[in-house]
Amino acid sequence: MPAGDPFVAAPAEIALASVLADNPPAADTLGLYVHVPFCTKRCGYCSFNTAPLEEGAMARYLEALHREIDLLGALPWAARVRLATVFVGGGTPSLLAAEDLAAALDGIRARFDVDADAEITVECNPESVTRQKLEGYRAAGVNRLSLGVQSLDDSILPRLGRLHDARGARAAFEAARAAGCANLSVDLMYGLPGLDLDGWTRAVDTVLDWGPDHLSAYGLTLDAGSLWGAAGIEGLPAEQEQIDQYWRLAHAAAAHGLEHYEISNYARPRFRSRHNQIYWHAAEYLAAGPGACGFLGRVRYANVKATPRYCEALADGALPVASAEQLSPRQRLAERLILGLRTADGVPTAWLEPRLDGERDLRRRIETWRAQALLVDTGDRVRLTEAGFLLSDALFVELL
Ligand code: SF4
């Protein structure tokens with residue numbers, strides 16, 4: 001959890017060594033996020049927790065991950081919870097050999113009651129998958145793939161630091177389908193340096209013609225932890241150009257029957273990401289892997305970020321929790337509001353009222369948004385419209 005995160009309460013007295021044992025989840029059903037930190041090369045825009053794939057690093061990581069899963073499974077409340085989703089993210093999880101991924105998933109199933117129809121997702125980069133590897137993933141129980149395409153412009157992709165080209169992206173998509181993946185998501189990015197509206201339209205139309213079940217599209221942000229955030233990058237499209245790119249995708253996705261169900265996510269009916277919905281519903285999830293964040297009860301926690309230190313902690317027999325903080329009721333409410341308003345389902349209107357008590361400016365802002373049809377009431381719920389999604393950051397800052 002970054003310092004100064006607005007969701008986080010003032011430091012409370014939490015014993016890190018026993019924080020997961022001491023804070024049983026309220027729910028019986030959880031998600032599990034597994035972080036695989038390795039990448040062949042760091043992309044310029046990336047601020048995720050990544051590590052270079054050095055000799056022997058994957059084997060050390062896998063050994064530590066198995067230990068962590070064993071320790072999580074031995075928590076006093078673990079036997080009473082079920083896992084409804086497992087999301088293997090990164091980093092580049094598709095650097096995992098199929099047998100290593102299968103062993104990790106077997107370890108999870110040995111320690112936890114995993115729903116028979118659990119959604120099991122693996123993030124894949126196009127250059128690191130083959131049909132054979134993906135068939136191995138499928139045999140291991142993976143039933144959803146998320147393919148990091150980002151762009152189909154062969155002049156932009158190398159600039160991003162990506163290792164695939166447009167043909168490779170298409171080949172990876174086809175390999176996933178040929179391997180039997182019936183729940184396939186594609187990631188794209190807009191607002192990229194050198195990307196104009198025509199180029200974006202071509203990429204969107206091409207990817208939608210592939211027929212993905214789910215599409216995630218993120219506008220580029222220059223985060224402090226990224227190479228571009230530190231050094232800057234030239235050629236970024238103007239703000240209006242980025243807005244036009246957002247709308248171009250929203251209209252094209254709707255024309256292809258995809259529902260815009262979260263600010264950055266589109267899905268065919270019944271293909272929403274179940275795991276990500278756990279986050280947006282502010283529900284509970286476990287975490288494993290370096291830097292992975294979890295949420296149990298009212299406690300948000302994060303693992304040690306550096307992969308060697310993560311491995312050392314587990315070699316010493318300890319869960320690698322580096323920080324944990326308890327959310328205050330006000331912070332919890334703000335989080336539920338903000339995460340819920342990211343989705344097309346919105347939040348119960350009743351959740352908004354306590355946040356507006358004594359907050360005249362915020363109440364006025366909400367009424368203005370209603371008048372401008374950026375925020376609409378549907379039965380007993382309130383939600384942002386697609387125009388509201390686009391401007392939501394300003395509202396979210398005030399809701400904190
Ligand atoms: S964007 Fe993905 S592939 Fe690129 S460095 Fe970050 S985690 Fe690795």
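Every number in this text was worked out from the coordinates using simple rules, so none of it is lab data. Note that this is a predicted model, so its numbers are computed, not measured. Reconstructed Cβ throughout: ideal geometry from the backbone, glycine too, with neighbour counts over all protein chains shown.
If we count other beta carbons within 10 Å of each Cβ, what is the order of Phe389, Phe396, fewest first?
Phe396, Phe389
Just for the chain, what percent of DSSP beta bridges are antiparallel, to the closest 5?
So the antiparallel bridges in the chain amount to around 40 percent.
For a paramagnetic label modelled at 7 Å from the Cα of Glu55 toward its Cβ, which residues of the range 303-331 fall within the zone defined by backbone nitrogen distances under 19 Å?
Flagged as within label range: 308.
Once you compute Rg and the Kirkwood Rh from C-alpha atoms, what is the Rg to Rh ratio for the range 205-267?
That ratio is 1.05, to two decimals.
By count of other Cβ within 10 Å, fewest leading, how are Ser18, Ser273 ordered?
With the sparsest Cβ surroundings first, the list reads Ser18, Ser273.
Of the candidates Gly289, Gly297, Gly90, which one comes out as most mobile in a Gaussian network treatment of the chain with C-alpha springs shorter than 10 Å?
Gly297
In whole Å and largest first, what semi-axes does the C-alpha gyration tensor of the range 328-400 yield when each eigenvalue is scaled by 5 and square-rooted?
So the equivalent ellipsoid measures 17, 13, 12 Å along its semi-axes.
Run the dipole for the chain about the Cα centre, Lys and Arg Cβ at +1, Asp and Glu Cβ at -1, nothing else charged, and hand back the magnitude in debye, nearest 20.
For this selection, approximately 420 debye.
For a quick size check, give me the Cα extents of the range 167-289 along its three principal axes, largest first, whole Å.
For the range 167-289, the Cα spread along each principal axis is 40, 35, 26 Å.
Quick check for me: using +1 on Lys/Arg Cβ and -1 on Asp/Glu Cβ, what's the dipole size of the range 68-162 about its Cα centre, in debye to the nearest 20?
80 debye
State, to one decimal in nm, how far the label point of Gln132 lies from the label point of Asp223, with both points 7 Å from Cα in the Cβ direction.
3.5 nm
If we count other beta carbons within 10 Å of each Cβ, what is the order of Leu72, Leu286, fewest first?
Leu72, Leu286
List the cysteines in the chain whose Cβ has no other cysteine Cβ under 4.7 Å from it.
Cys39, Cys124, Cys181, Cys293, Cys311
Full extension from Ala21 to Thr201: what is 0.36 nm times the residue separation minus their Cα-Cα distance, to one decimal in nm?
Gain in length upon complete extension: 59.8 nm.
Per residue of the range 367-377, in order, report the coupling 6.51 cos²θ - 1.76 cosθ + 1.60 (Karplus, θ = phi - 60°) as ³J(HN,Hα) in whole Hz, putting x for Gly and Pro.
Each residue of the range 367-377 in turn: 5, 4, 5, 4, 4, 8, 6, 8, 10, 10, 9 Hz.
If you place +1 on the Cβ of every Lys and Arg, -1 on the Cβ of every Asp and Glu, and leave all else neutral, what size is the dipole of the range 328-400 about its Cα centre, to the nearest 20 Debye?
Magnitude of the dipole: close to 120 debye.
Residue farthest toward the positive end of the dipole of the chain, with Cβ of Lys/Arg at +1 and Asp/Glu at -1: which of Thr40, Gly229, Ala292?
It is Ala292.
With labels modelled as points extended 7 Å from the Cα through the Cβ direction, what inter-label distance (nm, one decimal) is found for His251 paired with Ala371?
2.9 nm
Provide, in order from the shortest bin, the percent of all Cα-Cα pairs of the chain in each 20 Å bin, continuing until the bin that contains the maximum pair distance.
Percent of pairs per bin, in order: 26, 60, 14.
Once you've got the GNM for the chain with C-alpha springs shorter than 10 Å, pick whichever of Leu96, Leu32, Leu75 has the biggest mean-square fluctuation.
Leu75
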